[in-house]
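These notes are about the structure you will find just below.
The values are calculated or read from the model by the stated rules, or taken from the named source; none is laboratory data. Not measured: the values here are computed from a predicted model. Backbone-built Cβ (ideal geometry, glycine too); neighbour counts: all protein chains shown. Ligands, DNA and RNA are excluded from the accessible area calculation, which covers all protein heavy atoms including side chains. Shrake-Rupley method; radii C 1.70, N 1.55, O 1.52, S 1.80 Å.
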Amino acid sequence: MTREEFLALPLEKKIGQTAIVRPRDPAPNPELGQKYEEYRRKYGFGGYFIGAEIIGEGDATREELSARIARLRAESEIAPAVCADAENGFGAVLRGKEGYPHLMALGAAGDSSLAYDYGRYTALDCRAAGIDWVFAPVADLNKNRMNPIDNIRSIGDSAERALPLLRALVRGLQEGGVAATAKHFPGDGVDFRDQHLCKSRNTLPQEEWEAEYGRVFRALIAEGVMAVMPGHISLSWRRAGNRLPATLSADLLEGLLRRELGFNGLIVSDALEMGGFRQEYFDQAKSEVECFKAGVDMLLWPSEGYFAAMERAIESGEVSQERLNAALCRIWEFKNRLGLFGGGQRIPPQADAVASAALGRRVAERSITLLKNKNGAFPADASKISHAALLTFAPNPAQNEKLETLAALLEERGIRTEKFGCGIGAEWLPTYTREAAERADLVVCAATLLPHEPLGLLDFSDREIAGILNVFSLSADKLVFVSFGSPYIAGTYFPAVPVAVNAYSNVQASREAFVRALFGEIAVTGSSPVHLPEFEDE
């Protein structure tokens with residue numbers, strides 16, 4: 001389809017091209033499925049979001065996912081862009097699968113060649129399944145240790161460390177054949193609030209914002225990133241953009257992002273179901289029209305009311321034909337560059353499952369960071385350890401079960417291990433724990449805090465904290481603490497533990513890397529990508 005043909009589409013089809021939706025399966029909900037089909041036939045959709053959230057019951061294999069995407073393309077009158085988050089690899093797209101260690105592990109490894117491969121293998125895996133576009137990388141800087149959005153999803157807390165890795169990631173993704181997306185403009189990680197619940201704020205003064213977030217976005221734009229995703233985040237130093245989140249602010253999108261930073265690519269909103277967007281007007285369809293007017297080209301998960309509201313807004317002149325056609329030109333150029341209209345250059349899938357898995361292990365091993373080794377007990381001598389106690393701390397039951405797999409890794413080395421879990425769905429028996437610790441030659445305290453698991457503030461509940469307090473009654477000389485999530489846990493709750501380690505991700509590759517490092521089977525070379533004043537003198 002040529003640009004001229006694209007711009008000559010009927011109004012309904014033009015509006016449909018500005019929407020990215022989740023495919024609906026009519027089987028579990030016939031009424032919803034029927035409405036979806038009506039809208040698909042009338043408007044068509046510019047893109048489909050694919051991910052674990054929509055696959056439904058059970059796991060989907062690559063083949064099943066590919067078949068689903070092929071059906072979406074076959075039933076589409078106009079070629080859709082198929083997108084997924086894939087922030088930490090293609091494995092994160094499938095329900096029940098695991099992706100690579102999170103971006104903060106890349107930050108700890110500090111190797112641009114690893115970052116490039118991380119992006120390239122993600123792209124090749126995605127393209128092999130039929131995905132054209134990923135909502136990655138997270139370009140935010142985690143300035144606030146309590147921020148519930150970024151944390152290990154970000155590379156670190158400074159532009160100096162993040163920039164070379166982010167640039168390599170974008171190159172790897174786009175040279176691998178998918179469109180990359182820098183998110184979440186104008187930058188999350190400063191506030192303690194969650195965009196999913198309410199608007200958050202980037203409160204850095206202008207000079208600091210320019211030196212950090214501004215520097216990151218300028219560099220990624222210069223790198224040729226194809227899309228930018230604004231968040232439901234306001235920017236305090238911009239008078240006009242101070243109240244409204246970026247998804248509703250023409251000052252931040254048309255002013256700062258396009259005119260001042262020079263971005264000419266596609267702007268795609270963050271999810272419009274999020275509280276940070278919905279609370280501004282409470283009228284969802286009105287908010288979505290305002291989002292488009294502010295400068296967003298494609299809206300992620302607009303409501304059913306968006307389509308008719310946009311028709312009225314265009315017919316009344318509230319949304320100009322000039323604004324609509326500007327968005328359509330960017331959408332056409334974006335899709336054409338991906339080869340969806342026969343132009344551009346589609347890169348053939350070359351995903352290598354063995355090499356991709358090996359990359360995940362390399363990132364995990366290179367990321368292991370020793371924060372503290374006060375008594376020289378790290379690495380430990382496995383030949384002198386016959387009995388261990390494993391204490392796990394996680395507010396999410398599924399994450400706690402993953403932590404407990406450390407016991408099997410210890411037992412593979414001939415170490416009998418008792419498990420004691422602390423968290424929802426887990427039993428915590430302080431007396432037994434103390435007795436086990438007295439019997440044990442080694443006590444491993446393993447914890448994780450991950451964004452959105454559960455939703456809300458990124459911290460432990462009273463149940464986990466009660467278990468943490470109990471640790472202080474144990475003999476310190478046997479203790480090794482390791483975080484498989486937030487890098488701040490050790491400094492917040494365990495600053496006095498003699499051995500503290502950060503592994504950044506609760507995936508199998510990271511758990512295996514920690515155990516190998518614990519027993520000196522691999523060298524420990526990671527460095528903290530975030531400021532941890534509690535361990536500066538260690």
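Checking the a/c ratio against 1.5 first, then a/b against b/c, what shape does the Cα gyration tensor give for the chain? Cα axes put the chain in the prolate bin. Sorting the segments 410-422, 287-299 by their mean number of nearby beta carbons within 10 angstrom, highest to lowest, gives 287-299, 410-422. On a per residue basis, the chain carries 38 Å² of accessible surface, using protein heavy atoms and a 1.4 Å probe.
I want the antiparallel fraction of DSSP beta bridges within the chain, as a percent rounded to 5.
On the way: 5 of 47 bridges.
Here the antiparallel bridges make up roughly 10 percent for the chain.
What is the range 140-181 by shape, rounded, prolate or oblate, if you read a ≥ b ≥ c off the alpha carbon gyration tensor as root eigenvalues and call it rounded for a/c under 1.5, prolate for a/b larger than b/c, and oblate otherwise? Walk me through the numbers on the way to the answer.
Numbers: a/c = 4.20, a/b = 1.95, b/c = 2.15.
Because a/c hits 1.5 or more and a/b fails to exceed b/c, the range 140-181 counts as oblate.
As a quick test, which of the pairs Lys199/Lys374; Lys35/Lys402; Lys143/Lys372 have an alpha carbon distance above 32 angstrom in this structure? Long pairs (Cα-Cα over 32 Å): Lys199/Lys374; Lys35/Lys402. How would you classify the range 434-514 from its alpha-carbon gyration tensor, with a ≥ b ≥ c the square roots of the eigenvalues: rounded for a/c under 1.5, else prolate if a/b is greater than b/c, otherwise oblate? Since a/c reaches 1.5 but b/c is at least a/b, the shape of the range 434-514 is classed as oblate. Only helices enter the 222 nm calculation for the chain: every DSSP H run of n ≥ 4 contributes -39,500 (n - 2.57), and dividing by all residues gives -11000 deg cm²/dmol, rounded to 500. For helix 62-74, report the angle its Cα long axis makes with the longest principal axis of the Cα atoms of the chain; keep it between 0 and 90° and round to the nearest 10°. Tilt of helix 62-74: around 10 degrees.
Straight-line reach from Lys335: taking Cα to Cα under 23 Å and skipping same-chain neighbours fewer than 8 places apart, the lysines in range are Lys13, Lys14, Lys42, Lys183, Lys293. Distance between the C-alpha centres of the range 140-165 and the range 200-255: 15 Å, rounded to the whole angstrom.
Taking all protein chains in place and a 1.4 Å probe, what share, in percent, of the accessible surface of the chain do carbon and sulfur account for? Each step should come with its number before you reach the end.
Values: 9950 of 20280 Å².
Looking at the chain in its full context, I get 49 percent from C and S.
Listed values for the range 139-153 are Karplus-derived 3J(HN,Hα) couplings in whole Hz (6.51 cos²θ - 1.76 cosθ + 1.60, θ = phi - 60°), namely 9, 6, 10, 7, 7, 10, 5, 9, 4, x, 9, 8, 6, 6, 6, and x replaces Gly and Pro.
The angle between the Cα long axis of helix 508-518 and the main principal axis of the chain comes to about 30°, on a 0 to 90 degree scale.
Could you work out how far helix 430-439 tilts from the main Cα principal axis of the chain, as a 0 to 90 degree angle to the nearest 10? Value to nearest ten degrees: 60.
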